[in-house]
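In what follows, a structure is listed as structure tokens, so that the remarks can point back to it.
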Amino acid sequence: MEETRIGVFVCRCGTNIGGFLDVPALVDYVKGLPFVVFSQENMYTCSETGLTEIKSAIVEKRLNRVVVASCTPRTHEPLFRSVCKEAGLNPYLFEFVNIRDQCSWVHMQEPEAATEKAKDLIRMGVARAKLLEPQEEIEVGVIPSALVIGGGIAGMTCALSLGDRGFEVILVEREKELGGHLKNLHKLFPIQEDASKLIERKRMDIAKNRNIEVLTSAKVEGINGFFGNFDGTVKQKGKDIPFKAGVIIVATGAEEFKPIGMYGYDGVKVVTQLELERILSEDRLSVKNIVMIQCVGARNEERNYCSKVCCMTALKNAMRILEENPESQIFILYRDMQTYGTFNEDFYRKAREKGVIFVKYSLQKPPVVNKRLVRVFDEFLGEELHLPYDLIVLSTPMIAHPDSDELAKMLKVPIDEYGFFLEAHVKLKPLDFATDGVYLCGSAHWPSTVSESIAQAYGAASRASIPLSRRHVITEPIIAAVDEEKCIGCGLCEIICPFKSIRIEESPNGRIANTIVASCKGCGVCGAACPQKAITMNHFTDEQMLAEVVALTTER
Amino acid sequence: MIVESRKVVMVIGGGIAGIQAAIDLGDMGIKVHLIEKTPSIGGRMAQLDKTFPTNDCSICILAPKMAECFRHPNVTLHTYSEVKEVLGVKGDFSVKVLKKARYVKEAECVGCGDCSAKCPVRVPNEFDFGMRRRGVIYLPYLQAVPMVMTIDRDNCLYLTKGVCKICEKVCTREAIDFEQKDTEIDLNVGAIVVATGFDPFDPTGLSEYGYKRYKNVITALEYERLVCASGPSGGHLIRPSDRKPAEKIAFIQCVGSRDVKNNPYCSTVCCMHSTKEAVLAKEHDSNVQSYVFYMDMRAVGKGFQGYVTRSEEEYGIKYVRGRVAKITEDLERNPIIWCEESDSPTAVKTKVDLAVLATSLIPRRGMEELSKILEIELDAYGFIKTASLEPFDSSREGIFVCGCCREPVDIPESVAQASGAAARAAEIVAGGFS
Amino acid sequence: MSQQDGFDPKILGFLCNWCSYAGADLAGVSRFQYPTNLRVIRVMCSGRVDPTLVLEAFIRGIDGVMVLGCHPGECHYILGNYYAEGRMKTLQRFLEIIGVKPERLLLDWVSASEGERFANLVSDFTKKIVKIGTLSTDISKDEFQKRLLAAKEAFSQHRTRWLINRERELLVEGNVFGERVDQDDFNKIKFESVVKDYEKNRILFAIRDKALSVTEIAQTSTLTPQEVLRHLIIMEQNGLVTVSEIDGVKPMYKKMRG
């Protein structure tokens, strides 16, 4: 067994450390620590000079561990690790001791006590360094194809973006034809193009792209595997079609809430916005007095969210109707007009100018519909209005598909309280899941307009293409490792892992936990939980941490 | 037909959108040149205290991304630099970038701050909207990336008058170099992503609100700096006039937005950020009572409506629907909000300690000039024009747009758009079908 | 600041890489000063900290331990800090049970931007530890080893670790039948388990070298002879102890080797 030879470099960092701590005393102290064969001070260890000195010391003194005592690992650990690598030493045999940000800079009036503290910290670091093991970054191959679940505008756009980059895509759609909700829309805002033309264009682009395989009337039945290596079956018209993919994108969209039992909804005289779009595209609209009611079934106790797209949909349809028939009288009963952004706000203004009448109502005093009139209390006027109607259009929210949780379980991803898929981080990772290798876009994530769905689809394609372009995933070796002898397969780790990266699997020794190397983040939650202490957290082992405590509490 | 193109992309703008685009592209194996005008990346997000609806500390979630971008093997950061000329076509752009002289050697400077402490001149710090002062040799903020000082040439005694040079004497690393010159770099890239962000609208021209006349009328971004732990008041919510704690706060929405005389559009994020700011005030001090004066409460994104509901129920924020006609001041410099409430015939007066104006998000100063350099069209509002069904394509092929320079959007949208624009840029440079 | 009443406490802090360690760095960058007593062990997540390691620190003479993680909802690993909270809160309650002041273990949250808060937390904690004195003022020197070692063993037992780490799921998401467990009910079960394991280990510790009678064993702790006997019977069935001799009418129990 090779003897441990530790080299310690104590940095002055100009006067930042050197002006407060007794650096020569530290260098001297270090010499007496177990397994330390070399120590020196540097003016600036991170400068070219300092780095060169580390490299030469590694070679000349045959160091197999390096400790640098200076600023903070959060900024400089990667630099020193790569320097060790350049000198032929495994980068994980490097240890960093913070004697500046957490010592010299915060004890400026107590140089002696601070120097004693630095001695303790270095002693702890050296003890830990002795127990460090070389680690190899792990390469996991990524199957160079993507599975896109859902063939609406989001799914189609995502598939095309990936296909155009040369990646293989399997696009699965459960209806007979691609298009999703676009099939139910009449014209798009603000470009006034027929939704059907957009579908045609996308379908043709997909057909031309040899990288995209389309499976319609198909549903994903089961998914196994993990990041980079998913496999499963798609059921199409009774046939089972197996697939393999490196990444999966969820683009399953949402559906329109049907306001059964609300406001006299009957699908004929009282319809939803999508039903209105159908009427408009079939040119069947013949009435004059139209009342639209916003927030039907939304922003209430049961469904406390705003579905984002309905105000614009109502405006778009109202303006369309007025264009066809300028004699129409349209009332829009709203609680807040959600015309956010540049062009939307402009359109709202135009609609007012064109004669659409907006009536504000409150959640506490909703409109009442009877046979011929809509009665609504106008919050601005402070009086009740009686509006005769020929047609009532209810703007209802987008809701998650009722089987979204089934897909969520299959993919091992979470859904929120409303059934929409829950991303890894609401702010900075809106299109990723915490489970690696699975991505999200469109209304499956949250109600989105066509334009927003397209934008998110490109975004998800970008995220998914990262592992696909690299063809492998390199994982930091700071992960959990299970000792098969000690593991009894109790399953606690599987239950608590926030990333679903450790699983109980069948093995010759019985049911044993196994780390999914590609997605384990090394947090250590399982390591600290394991009732049999069968899990080792690489590079942050129990022994290493204990060694630091022992070194701290044992005087040299 | 496969289009051969340089597998290099330029990202203009180092805010959260630019950073995300650069990281995505870099992760795809594409080389990125990230050009940032100011001395540090980070953009507006670095100036915020917390982000809605999760109330995450903004700089805490941004800093790791900044570090990742800085250290990324495929990303070259050009800070304190500007794009001066773009020639060529998609797949093959020739760009001239002006790298301004910092008068500090980037390789030597470690950002220790000894120079700044000794600099004899103090000027208002842009990062804190002038609420704090900085030296002429400075770091824009403590978590700046790169952590390198910059000398503000307009105020430097040596560069303007030939005297001083104290910083040079104080620096132990010999990192100061007054001989440095602005340099021009030529870069050849296959695609460009524009992510230059927004500026806050200056409400000084809206005399009815009294901004700059009344000390206790501030903008939302100034509020964010005040309430931020590393800001000019250490996170204590105090009134600028007398530094006493603010216990009654009014948030005025749509200042300059939805206003035909100024910016007719809606800035999308203000309803949410004011709600957040009101919530933060209550978390700082449970005695605080906040009022939000609004027209429409636009809480359309994921989790937003629930956040607003909670702010009312759990934090006691009072939402008043109505247009604020004017703000006046009493003898103790308390702002008085005159609001034409929707259900009352006369204006209601509310006296508060502090008034926060949610100002419009407008295109960055210099957008017009940049659009001419890039030869891309702007829309009627001065934002970069894109097509509805190709939301990241500018009017020039090969140049893509994301984030607030396109239209005011919140952080998740900016991040998603940044990835999207990266995908579009990658389609050009990473091969495949044309 | 550090030398008050001649007592200079040893404080150990476990700081998580993404939040509290970064906050501590920011305190440095901003030059917020605090007492020199703190020694830091860096972990990737506060959820990495095993209660047995905290007990080890106390056993070896640390006077106060700080476990600082990200604010709830901000954990870089999403749920790590919730597990840290569950474990440390359980350990705090247990320390109180065995006579150690629970204030010696601090669990708190510091974000990467809270440099001043970090400095204040360290100052306040150090002052508090100075005030309550060294660990041997809580328990006498000879009781010390017995109690803390037994506690460490208790927190190493399968059932206790299982319960502590299942707590979050059972309370928040429910069991396989979808039933949510009540916090108070769960606490009862959890602490019963820990205390049982603790008492077992107190007994084992007492008879590891020498065989003792039931009464003698009871004298080494706060257990009654009946409680001791109940434990011994079960441990004998499980092969952990054996009757090595009979002194008159008194069976003498000894810990089994291995």
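With a requirement of 1 or more residues that are within 28 Å of A:Gly527 (Cβ to Cβ), open to solvent by 70 Å² or more (accessible area, probe 1.4 Å) and not aliphatic (A, V, I, L, M), the helices (runs of 4 or more DSSP H) lying completely within the range C:125-220 that satisfy it span C:141-154, C:158-172, C:183-206. For C:Ser20, the criteria (1) more than 8 Å from chain A (Cβ to nearest Cβ); (2) in contact with an Asp or Glu (Cβ under 6 Å, 6 or more places away or on another chain); (3) not acidic (Asp, Glu) hold in every case but one, which is (2).
Is at least one residue of the range A:539-553 on the phi > 0 side of the Ramachandran plot and either outside any loop (DSSP other than H, G, I, E, B) or touching a residue at least 40 places away in the same chain (Cβ under 8 Å) (or both)? Yes, that holds for at least one residue. In the condition set (1) within 14 Å of chain C (Cβ to nearest Cβ); (2) touching a Leu at 6+ places or on another chain (Cβ under 7 Å); (3) polar (S, T, N, Q), B:Ser94 is compliant with all but (1).
Based on what the data block shows, is A:Glu95 farther than 24 Å from B:Thr172 by Cα and buried (at least 24 other Cβ atoms within 10 Å of the Cβ)? Taking the combined requirement at face value, the residue satisfies it.
If the condition is being open to solvent by less than 10 Å² (accessible area, probe 1.4 Å), within 14 Å of C:Gly69 (Cβ to Cβ) and in a loop (DSSP other than H, G, I, E, B), then the range C:35-49 contributes C:Cys45, C:Val49.
Of all residues in the range B:367-389, those being touching a residue at least 12 places away in the same chain (Cβ under 8 Å) and of a type outside the set (S, T, N, Q) number 13. Does the range C:19-34 include one or more residues that are among the polar types (S, T, N, Q), under 23 Å from A:Cys103 (Cβ atoms) and surrounded by 23 or more Cβ atoms within 10 Å (Cβ to Cβ)? Yes; the residues of the range C:19-34 include at least one that is among the polar types (S, T, N, Q), under 23 Å from A:Cys103 (Cβ atoms) and surrounded by 23 or more Cβ atoms within 10 Å (Cβ to Cβ). The strands (runs of 3 or more DSSP E) located wholly in the range B:181-223 that include 1 or more residues which are within 30 Å of B:Leu237 (Cα to Cα) occupy B:198-200, B:217-219.
If only residues of the range B:246-259 that are touching a helix residue (DSSP H, G or I) at 6+ places or on another chain (Cβ under 8 Å) and hydrophobic (A, V, I, L, M, F, W, C) are counted, the one that is nearest to the other protein chains (Cβ to nearest Cβ) is B:Cys254. If you scan the range A:338-357, which residues turn out to be in contact (Cβ under 8 Å) with a residue 40 or more places away in the chain and within 12 Å of another protein chain (Cβ to nearest Cβ)? Across the range A:338-357, the qualifying residues are A:Phe343, A:Phe347. Flag: A:Lys350 matches the condition of being open to solvent by 60 Å² or more (accessible area, probe 1.4 Å), assigned to a helix (DSSP H, G or I) and charged (D, E, K, R).
Among the residues making up the range A:93-111, those that are more than 26 Å from B:Cys60 (Cα to Cα) and more than 9 Å from every other protein chain (Cβ to nearest Cβ) are A:Leu93, A:Phe94, A:Pro111.
In the set (1) in a strand (DSSP E or B); (2) over 28 Å from B:Val110 (Cα atoms); (3) open to solvent by 10 Å² or more (accessible area, probe 1.4 Å), the condition left unmet by C:Val67 is number (3).
Among residues of the range C:245-258 that are more than 13 Å from C:Leu204 (Cβ to Cβ), those with a beta-carbon under 6 Å from a residue that is in a strand (DSSP E or B) and open to solvent by 70 Å² or more (accessible area, probe 1.4 Å) at least six positions away or on a different chain give the pairs C:Met252/C:Glu245. When residues of the range B:367-386 are filtered for being among the small types (Gly, Ala, Ser) and open to solvent by 40 Å² or more (accessible area, probe 1.4 Å), how many remain? Going through the range B:367-386 one residue at a time, the tally reaches 1. Taking the range B:130-147 as the range and being open to solvent by 60 Å² or more (accessible area, probe 1.4 Å) and either part of a loop (DSSP other than H, G, I, E, B) or within 13 Å of chain C (Cβ to nearest Cβ) (or both) as the test, the residues that pass are B:Met131, B:Arg132, B:Leu142, B:Met147. Can you find a residue in the range A:329-336 that is under 27 Å from B:Tyr381 (Cα atoms), within 14 Å of chain B (Cβ to nearest Cβ) and assigned to a loop (DSSP other than H, G, I, E, B)? Within the range A:329-336, one or more residues are under 27 Å from B:Tyr381 (Cα atoms), within 14 Å of chain B (Cβ to nearest Cβ) and assigned to a loop (DSSP other than H, G, I, E, B). Restricting attention to the range C:46-79, the residues being touching a residue at least 12 places away in the same chain (Cβ under 8 Å) and more than 18 Å from the chain's Cα centre (by Cα) number 8. Here is the figure for the range B:356-366: residues that are assigned to a loop (DSSP other than H, G, I, E, B) and surrounded by 16 or more Cβ atoms within 10 Å (Cβ to Cβ) total 2. Residue by residue through the range A:43-60, note down the ones that are surrounded by fewer than 13 Cβ atoms within 10 Å (Cβ to Cβ) and more than 43 Å from the chain's Cα centre (by Cα). Once the filter is applied, which keeps residues that are surrounded by fewer than 13 Cβ atoms within 10 Å (Cβ to Cβ) and more than 43 Å from the chain's Cα centre (by Cα), the range A:43-60 yields A:Ser56, A:Val59, A:Glu60. Scanning the range C:70-92 for residues that are outside any helix (DSSP H, G or I) and within 7 Å of another protein chain (Cβ to nearest Cβ), we see that the one that is least open to solvent (accessible area, probe 1.4 Å) is C:Tyr77.
The single condition from (1) closer than 30 Å to B:Val409 by Cα; (2) in contact (Cβ under 8 Å) with a residue 60 or more places away in the chain; (3) in contact with a helix residue (DSSP H, G or I) (Cβ under 9 Å, 6 or more places away or on another chain) that A:Ser281 fails is (1).
Of the strands (runs of 3 or more DSSP E) lying entirely inside the range A:170-257, those containing at least 1 residues that are open to solvent by 20 Å² or more (accessible area, probe 1.4 Å) and of a type in the set (D, E, K, R) are A:212-215, A:218-226, A:229-236, A:239-245. Out of all the residues in the range A:541-551, which are buried (at least 21 other Cβ atoms within 10 Å of the Cβ) and facing chain C (nearest Cβ under 7 Å)? Listed by number, the residues that qualify are A:Met545, A:Glu548, A:Val549. Of all the numbered requirements in (1) without any contact (Cβ under 8 Å) to a residue 12 or more places away in the chain; (2) within 25 Å of C:Ser46 (Cβ to Cβ), C:Ser193 misses one, and that requirement is (1).
The values are calculated or read from the model by the stated rules, or taken from the named source; none is laboratory data. Keep in mind that what you see is a predicted model, and the values were worked out from it rather than measured. Note: ideal-geometry Cβ built from the backbone for every residue, glycine included; neighbour counts use all protein chains shown. For the accessible areas, the whole protein counts, side chains as well, though only heavy atoms, and no ligand, DNA or RNA atoms are used. Shrake-Rupley method; radii C 1.70, N 1.55, O 1.52, S 1.80 Å.
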